[in-house]
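Asks: Quick one: structure below, then a few questions.
The values are calculated or read from the model by the stated rules, or taken from the named source; none is laboratory data. The shown structure was predicted, so the numbers you read here are calculated from the model rather than taken from an experiment. Because the Cβ atoms are built from the backbone with ideal geometry, glycine has one as well, and the counts that use them run over all protein chains shown. Surface areas here come from the heavy atoms of the whole protein model, side chains and all, with no ligands, DNA or RNA. Shrake-Rupley method; radii C 1.70, N 1.55, O 1.52, S 1.80 Å.
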Amino acid sequence: MKGLSANLIQISLLVLIICTASNVLADERSVDFQSDSWLVEDGEVEEFLGRQSFRGTGYLDGVTFANGIIEVEMAVNGQRSYPGIKFRIESPGNMEKIYVRPHRAGLYADAVQYAPEINGVSEWQFYNGEGFTAAVDLSENEWIPVRLEFLGNRARVFIGDLSTPVLQIDDLQRDPVAGAIGLFNQNDSTAHFSNLRYTITDEIAFEPFQPYVLPLGMIRDWELSNAFSLAQVNLEKSSEEHNFDEITWHDVQSNEHGLVDVALYVENAGASPKAVFARTTIHAEQDTIISYAFGYSDAITVFLNGRILFFGNSSYRYRDPSFLGILGLFDMLFLPLEEGDNILEIIVAESFGGWGFMFQDAHAQFVDESLHEEWTIENTLKYPEAVIYDPRNEVLYVSNYFNGGAECISRVSLTGEVLDFNWVEGVNRPTGMCISGWNLYVVERGGVVGIDTRSGEILQRYPIEGVGFINDITVDHYGRLYVTDSQTSAIYRIVDDTAEVWLQNDAIGLPNGILADGEYVYIGCTTTSSIERVHQETMEIERIVQVEREVNIDGLYTDGNGGFYFSQAQGRFIEYNSNTGERRDLINTIAASIYCADFAFIPEQNLLIVPTLYGQTLTAYRVER
């Protein structure tokens, strides 16, 4: 029995050792920069700030994974450098990267950058702004913890504070294939790395998100040629004028941003600049001139029906020493289209930072066939920001946001007649409005104004201390007022003439539109592009509508059937069906820069009234339901 017990103990110990080893395999692994598995491309291992460190560029051999966590500590001296992490390295020139710019830390919103590298092109000029770049402060000459978590097409970056990410990337551009990991920077004293660790795991939780939606009016379908050395190409001649024997064409499509990423289709081998031709067909019902917004990297020539129209160069530092060459719809062309099919052709050259282009019809607009325009007021109202219907007086009130210091509230009839432009004067940059009984409440800078709708007399002002930019207002069935602060992510409540913070946290980031209905307050939140529902007493917050990214929800109404109408300030009016969870655009005028601000909806009359703010129009639509 003794021998059996001893054997059982040995077996138990062996099982324990095996289980422990298995757990270690699933746990964090450290990387020794002096081991044979750390392959140095250009760098050195040295002592720095009291520990072993690595400077330069290298990668870990023999380890590949698609999802996981990479942690490292980084020390920078504030000089110009670009230290970062490479992951999912599939081959030289094909990988994902995140990095920091210490020389821009604390100064610019791109001190942290996500950039894929595709077929030898590091595409940092394409991916800028929310979801791709972020601000960060970096202490100099001390070890700063950095953690990168990635799963599927999602990733987030923590720097310093490992509890809150400085950057969340919801749209990694490369396929989520397994690849190696590494570190990179120039081989000098500007940055050092220490204590590199990794964990291979699929157990990373990301909140659900809605993907980007292709902007209206983008040209999606193109033909793309093979690449040529830029030295072979005369940028003033079309493809036909070059008479290339070796030119071939293949069909390509833009991505969800409208970008045609040339590097996806053409390898940029070698150090010399390259160029490609691209072409598409634009059909016109008659001779006309249409404006197109476009962006490119790095240089472009534009031809229409074989005639040269434009040449531009937006290369890094080409225009001044601080010019980055970020791609966006920053330029405009007026195309003289002929009746029938027109051939738009371009030459796009690449030298550094991204190879691609995008074109958008700058007048593209969509109005659903269920909307029928009743009337429009043009150039009379002054930056109409909000409109509201008063059922007792059967009239519309419009807040004129800017009028050179003479801002006011106007009265407008349901047939589109401006009854009294200066109905209420002396309001300071008015925005959102709500009605309770015979009282109209208007948000102005610094507080709320109470107005008697029978006389137009200002009854009372309700100052709110410490506000950033208060924006919209609603009233519940108890007569309590709720005001959004779109700058401080706060909701103020006014009870018994006193304003106080009712709710303020990250769950309602940058709130704009607001609606009290029954026991709940509904809030349009810009940070999360969502509508959050808050119980007035328990304060429980629940997300009920998730919209696409970067949606500033301005107006917010119930449709009378349990669903919602809401507007994206930049130019969309959206219907949400609460039973099916479906959303559909009824208006989209973003490309044409026609805003859709804080609208009014009158269910009893199926009437929708939309103010356009900068367009200085007010339009009424009959909604066919």
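Asks: Determine, yes or no, whether GLY152 is modelled with pLDDT of 95 or more, in contact with a Pro (Cβ under 7 Å, 6 or more places away or on another chain), open to solvent by 10 Å² or more (accessible area, probe 1.4 Å) and within 23 Å of ILE89 (Cα to Cα).
Replies: Numbers: modelled with pLDDT of 95 or more: yes; in contact with a Pro (Cβ under 7 Å, 6 or more places away or on another chain): yes; open to solvent by 10 Å² or more (accessible area, probe 1.4 Å): yes; within 23 Å of ILE89 (Cα to Cα): yes.
Yes; evaluated as a whole, the condition is true for this residue.
Asks: Still on this model: Output yes when any residue across the range 279-291 is part of a strand (DSSP E or B), modelled with pLDDT of 95 or more and open to solvent by less than 10 Å² (accessible area, probe 1.4 Å), and no when none is. Before you say what the answer is, go through the steps one by one.
Replies: First pass over the range 279-291, keeping only residues part of a strand (DSSP E or B): 279-284, 288-291.
Now narrow it down to the ones that are modelled with pLDDT of 95 or more: 279-284, 288-291.
Those still in the list that are open to solvent by less than 10 Å² (accessible area, probe 1.4 Å) too: 284, 291.
Yes, the range 279-291 contains a residue that is part of a strand (DSSP E or B), modelled with pLDDT of 95 or more and open to solvent by less than 10 Å² (accessible area, probe 1.4 Å).
Asks: State yes or no: is LEU613 under 30 Å from PHE330 (Cβ atoms), at pLDDT 95 or above and out of contact with any Ser or Thr (no Cβ under 9 Å at 6 or more places or on another chain)? Write out each step before concluding.
Replies: Working: under 30 Å from PHE330 (Cβ atoms): yes; at pLDDT 95 or above: yes; out of contact with any Ser or Thr (no Cβ under 9 Å at 6 or more places or on another chain): yes.
When the stated conditions are applied, LEU613 passes them.
Asks: Okay, next question. Tally time: how many residues in the range 226-251 are part of a strand (DSSP E or B) and surrounded by fewer than 18 Cβ atoms within 10 Å (Cβ to Cβ)?
Replies: Taking the range 226-251 as the starting set, the residues that turn out to be part of a strand (DSSP E or B) are 228-229, 249-251.
Of the ones still in play, those that are also surrounded by fewer than 18 Cβ atoms within 10 Å (Cβ to Cβ) are 229, 249-251.
The total comes to 4.
Asks: Go through (1) within 31 Å of the chain's Cα centre (by Cα); (2) hydroxyl-bearing (Ser, Thr, Tyr); (3) surrounded by fewer than 17 Cβ atoms within 10 Å (Cβ to Cβ) and name the single condition TYR265 misses.
Replies: Only one criterion in (1) within 31 Å of the chain's Cα centre (by Cα); (2) hydroxyl-bearing (Ser, Thr, Tyr); (3) surrounded by fewer than 17 Cβ atoms within 10 Å (Cβ to Cβ) is unmet by TYR265, namely (3).
Asks: Applying the selection to the range 303-345, what residues are in a loop (DSSP other than H, G, I, E, B), among the aromatic types (Phe, Trp, Tyr) and surrounded by 17 or more Cβ atoms within 10 Å (Cβ to Cβ)?
Replies: If we filter the range 303-345 for residues that are in a loop (DSSP other than H, G, I, E, B), which is where we start, we get 305-306, 314-330, 338-339.
Keeping just the survivors that are among the aromatic types (Phe, Trp, Tyr) gives 316, 318, 323, 330.
Within the range 303-345, TYR316 is the sole residue that qualifies.
Asks: Here's a follow-up. Out of (1) at pLDDT 95 or above; (2) surrounded by fewer than 19 Cβ atoms within 10 Å (Cβ to Cβ); (3) not aromatic (Phe, Trp, Tyr), the odd one out for ILE300 is which?
Replies: (2)
Asks: Condition first: modelled with pLDDT of 95 or more, farther than 22 Å from ILE435 by Cβ and either open to solvent by less than 40 Å² (accessible area, probe 1.4 Å) or of a type in the set (Asp, Glu) (or both). Now tell me which residues in the range 490-506 satisfy that.
Replies: Selection gives ALA490, GLU500, LEU503.
Asks: Among the numbered conditions (1) open to solvent by less than 20 Å² (accessible area, probe 1.4 Å); (2) under 19 Å from SER81 (Cβ atoms), tell me where PHE158 comes up short.
Replies: With respect to (1) open to solvent by less than 20 Å² (accessible area, probe 1.4 Å); (2) under 19 Å from SER81 (Cβ atoms), PHE158 is out only on (2).
Asks: Moving to a separate point now. Test GLU575 against the stated conditions and say whether it is closer than 21 Å to LEU214 by Cα, open to solvent by 40 Å² or more (accessible area, probe 1.4 Å), assigned to a strand (DSSP E or B) and at pLDDT below 95. Break it down into steps so the answer makes sense when it comes.
Replies: Details: closer than 21 Å to LEU214 by Cα: yes; open to solvent by 40 Å² or more (accessible area, probe 1.4 Å): yes; assigned to a strand (DSSP E or B): yes; at pLDDT below 95: yes.
So GLU575 fits the description; yes.
Asks: Sort through PRO215, PRO208 and tell me the only one that's over 24 Å from VAL100 (Cβ atoms), part of a loop (DSSP other than H, G, I, E, B) and open to solvent by 60 Å² or more (accessible area, probe 1.4 Å).
Replies: On the way: PRO215 fails: open to solvent by 60 Å² or more (accessible area, probe 1.4 Å).
From the options PRO215, PRO208, the qualifying one is PRO208.
Asks: Further question on the same structure: ARG543 - would you say it is basic (Lys, Arg), in a loop (DSSP other than H, G, I, E, B) and farther than 23 Å from GLU465 by Cβ? Show your work before the answer.
Replies: Details: basic (Lys, Arg): yes; in a loop (DSSP other than H, G, I, E, B): no; farther than 23 Å from GLU465 by Cβ: yes.
Against the criterion (basic (Lys, Arg), in a loop (DSSP other than H, G, I, E, B) and farther than 23 Å from GLU465 by Cβ), ARG543 does not qualify.
Asks: Pick from ASN187, ASN195: which is polar (S, T, N, Q) and either open to solvent by 60 Å² or more (accessible area, probe 1.4 Å) or outside any loop (DSSP other than H, G, I, E, B) (or both)? Break it down into steps so the answer makes sense when it comes.
Replies: Working: ASN187 fails: either open to solvent by 60 Å² or more (accessible area, probe 1.4 Å) or outside any loop (DSSP other than H, G, I, E, B) (or both).
None of the others qualify; the one that does is ASN195.
Asks: Can you report the number of residues in the range 549-562 which are farther than 26 Å from GLU130 by Cα and either surrounded by fewer than 19 Cβ atoms within 10 Å (Cβ to Cβ) or within 20 Å of the chain's Cα centre (by Cα) (or both)?
Replies: Looking only at that region, the number is 5.
Asks: Ok, one more. Just checking: which of the strands (runs of 3 or more DSSP E) contained wholly in the range 39-135 hold 2 or more residues that are of a type in the set (Ser, Thr, Tyr) and within 16 Å of LEU183 (Cβ to Cβ)?
Replies: Numbers: elements: 51-60, 68-76, 84-91, 94-100, 112-118.
Here the list reads 51-60.
Asks: Hey, any hits in the range 465-488 for a residue that's buried (at least 17 other Cβ atoms within 10 Å of the Cβ) and small (Gly, Ala, Ser)?
Replies: yes
Asks: Tally the residues that are touching a residue at least 24 places away in the same chain (Cβ under 8 Å) and either of a type in the set (A, V, I, L, M) or open to solvent by 20 Å² or more (accessible area, probe 1.4 Å) (or both), restricting the search to the range 47-56. Talk me through it step by step, then tell me what you get.
Replies: At the first step, the residues of the range 47-56 found to be touching a residue at least 24 places away in the same chain (Cβ under 8 Å) are 48-49, 51-56.
Filter once more, so that each one left must be either of a type in the set (A, V, I, L, M) or open to solvent by 20 Å² or more (accessible area, probe 1.4 Å) (or both): 48-49, 51-52, 55.
Residues flagged as touching a residue at least 24 places away in the same chain (Cβ under 8 Å) and either of a type in the set (A, V, I, L, M) or open to solvent by 20 Å² or more (accessible area, probe 1.4 Å) (or both) within the range 47-56 amount to 5.
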